[in-house]
Amino acid sequence: MSEKIVRILLAKLGDGFDDAMLRLAMVSREAGFEVIYTDFQEPEAIVTSAVQESADHIGITTLPGADIKQFAKITELLAQKNASNIKVTAGGFLADDDIPEIKEMGVTEFFPKGTTFQELIDWAKEHIKPS
Ligand code: B12
């Protein structure tokens, strides 16, 4: 029986800074994940795409000046659509104080600047399973 491929939806909360996300999309594909790349999106669009695309996970890049309340909105919308099985991770730029706050909003893990792509892939292989 063939193994189901894990589908990860990638999105950004903010405009610009697409290098990290594009590189993350590439290394994730090379590591065997299926990537749905959506660029800059509002929470409603991120959640609708994730549900319609049967994503197993949502990965979000935060940018300088990002409004972290958007994370609460994303997890609330997932719950409303009975899709809380789709977990959310994030990485990029965020003030240290904001990291525990976004975890309280339901973000599983945050990966700051300096995390290697290999560390991200290893984490994803261990923690993201097909639904
Ligand atoms: C390249 C760069 C730019 C480029 C962006 C090019 C592009 N297309 O992406 C340009 C020149 C456009 C730019 C502009 C600006 N920049 Co700039 N930029 C950088 C720089 C040098 C590198 C960022 C980068 O791409 N790194 C490479 C990627 C691979 O690393 P990363 O983003 O850290 O991502 C890693 C992790 O965070 C994590 N990760 C990231 N996203 C995700 C998502 C998920 C799901 C997961 C799991 C993990 C993950 O994994 C990655 C692997 O290592 C940084 C300084 C630095 N050395 O970090 C400043 C920096 C980010 N910029 C900064 C600023 C202030 C700006 C400007 C506001 C400047 C201005 N006044 O105009 C603008 C605004 C940009 C915008 N919003 O559009 C500041 C941010 C400060 C802050 N903490 O808020 C920094 C830190 C510089 C500084 N020291 O002041 N910038």
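The values are calculated or read from the model by the stated rules, or taken from the named source; none is laboratory data. What you see is a predicted model; the values in this text were computed from it and never measured. Cβ: placed from backbone, ideal geometry, glycine included. Neighbour counts: every protein chain shown. Note: accessible area is taken over every heavy atom of the protein model, side chains too, but ligands, DNA and RNA are not part of it. Shrake-Rupley method; radii C 1.70, N 1.55, O 1.52, S 1.80 Å.
Structural remarks
- Comparing 79, 25, 90 in a Gaussian network model of the chain (Cα springs below 10 Å), the most mobile by mean-square fluctuation is 79.
- Surface composition of the chain: carbon and sulfur make up 51 percent of the accessible area, probe 1.4 Å.
- Taking 0.36 nm per residue of separation and subtracting the current Cα-Cα distance, fully stretching the chain between residue 42 and residue 79 would add 11.7 nm.
- The stretch 7-121 gives an Rg/Rh value of 0.92, both radii derived from C-alpha positions and Rh following Kirkwood.
- Inter-centroid distance (Cα atoms) of the stretch 102-116 relative to the stretch 55-78, Å: 11
- A crude spin-label estimate for the pair residue 31 and residue 69, with each label 7 Å from Cα along the Cβ direction, gives 3.3 nm.
- Projecting the Cα atoms of 65, 100, 80 onto the charge dipole of the stretch 7-121, computed from C-beta unit charges around the Cα centre, puts 80 farthest toward the positive end.
- Efficiency of FRET between residue 131 and residue 101 - r from beta-carbon atoms, R0 22 angstrom, step 0.05: 0.20
- Annotation: the antiparallel percentage among DSSP beta bridges lying fully within the chain is about 0.
- Using alpha carbons only: equivalent-ellipsoid semi-axes of the stretch 52-110, gyration tensor based, whole Å: 20, 11, 10
- The charge dipole of the stretch 7-121, taken about the Cα centre with unit charges on the Cβ atoms of Lys, Arg (+1) and Asp, Glu (-1), comes to about 260 debye, rounded to the nearest 20.
- Once the convex hull of all Cα atoms in the stretch 1-41 is built, its volume per residue stands at 49 Å³.
- Whole-number accessible area per residue in Å² for the stretch 7-121, which is evaluated in the context of all protein chains at 1.4 Å: 52
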